[in-house]
Amino acid sequence: MRKKTTPKLRIKNLPRFLTLSAMSLILIVMIIMSLFFLMTKMTELFNTQKQILQTSSAANSAESNAPKAETATVNNNNNPSANTATATNDADPLADIKSRLRSGDTAGIKVVFLTFDDGPSENTDELLDMLNEYDAKGTFFTTLHDNDNAKAMYRRIVDEGHTLANHTSSHDYGLYNNPDAFFADVDELDQYQKTITGQTQTSHVFRFPGGSTNSNEACVQGLVDRGWNYSDWNVSSGDGCADPPSSDVIAQMIIEGCRENDVSVVLSHAELKDSSRAAMPIVIETLQQEGYTFLSMEKDYNYPRHLEV
């Protein structure tokens, strides 16, 4: 009798391809989750670093601005003269030139003082219009003229930024023989100019009739002692004679004379002489193109003098 055997339980193997697919899927899911986690962490790290950089940049900017402002304040407080100089230069672009005229440091400065003697006259209006057209300043060495036109011209000279200067009341050469009478004559015009223009202080710039060499030491020294500055000239228009040259000749004489000086004081009678007045636009245009500056006189500048005391 054959022994009865119990059949063994046989487990059917899963298909090979199904096992591999499941493993691959699990692996892919794990990789995706890892990448997602990694990207999240990197994003957080990037945002944190960005905030740190922004905060640091703002702090550095504040620190860099603060010392500059403090330094500027310290410098300004410690050097008020520098502030004054800057303010002066802003207010007056010619401040440096004027400073050099006061100190006598005039090498290469190219300054011209146009001076007009013996007015005012009926032609002063025209002369002033011309100066204003070229933005040039002049100095008017006037005598005493007591009429409505002259009074208006005294005022206009001052109002338009030119210098109203003193050439004595009478232009009398004989006054040099009597210094007291000479000083009285100068003072008469000085007081008259104050009254007409409303000035409390005149320019105290003076020219002796005929120049200082026609005067004498007593008059010159006495004038300086009374607080005046005086000027002669180093360029002449040649119009002081009864029959002056033509305007072209006068213009050429002035231009060539100015080219020989760092500071030129031009003697003319353009308020009285037609040829001199007609020469002025030629003179100003030519010299302005060559870099010359036309200023009006001030009391504390240095000027050419024929007679020093």
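Observations on the structure shown:
- Taken about its Cα centre, the range 173-309 carries a charge dipole of roughly 160 debye when the Cβ of each Lys and Arg holds +1 and the Cβ of each Asp and Glu holds -1.
- FRET efficiency, V249 to D146 (Cβ-Cβ, R0 51 Å, nearest 0.05): 0.90
- The ratio of the alpha-carbon radius of gyration of the range 182-309 to the globular-protein estimate 2.2 N^0.38 Å is 1.15.
- Per-residue extension of 0.36 nm, minus the Cα-Cα distance of V224 and A107, leaves a gain of 39.5 nm for this segment.
- Pairwise label distance in nanometres, C241 with N177, each label 7 Å out on the Cα-Cβ vector: 2.8
- Cubic angstrom per residue, convex hull over Cα atoms of the range 106-294: 117
- Spacing of the modelled spin labels on T293 and E308, each 7 Å from Cα toward Cβ, amounts to 2.5 nm.
- Taking 0.36 nm per residue of separation and subtracting the Cα-Cα distance, full extension of the segment from E122 to I32 would add 22.0 nm.
- Mean separation of Cα contacts under 8 Å (6+ apart) over length of the range 106-294, as relative contact order %: 30
- Potential lengthening of the chain between L94 and E217 amounts to 40.8 nm, from the contour at 0.36 nm per residue minus the alpha-carbon distance.
- With 21 Å as the limit on Cα-Cα distance, the pairs of K151/K194; K98/K273; K98/K299 that go past it are K98/K273.
- Nearest-0.05 FRET efficiency for E260 and T286, computed from C-beta distance (R0 22 Å): 0.90
Bear in mind these aren't lab numbers, they're just calculated from the coordinates by the rules spelled out. These numbers were taken from a predicted model, which means no experiment stands behind them. FYI the Cβ positions are ideal-geometry reconstructions off the backbone, even for glycines, and counts take in every protein chain you see.
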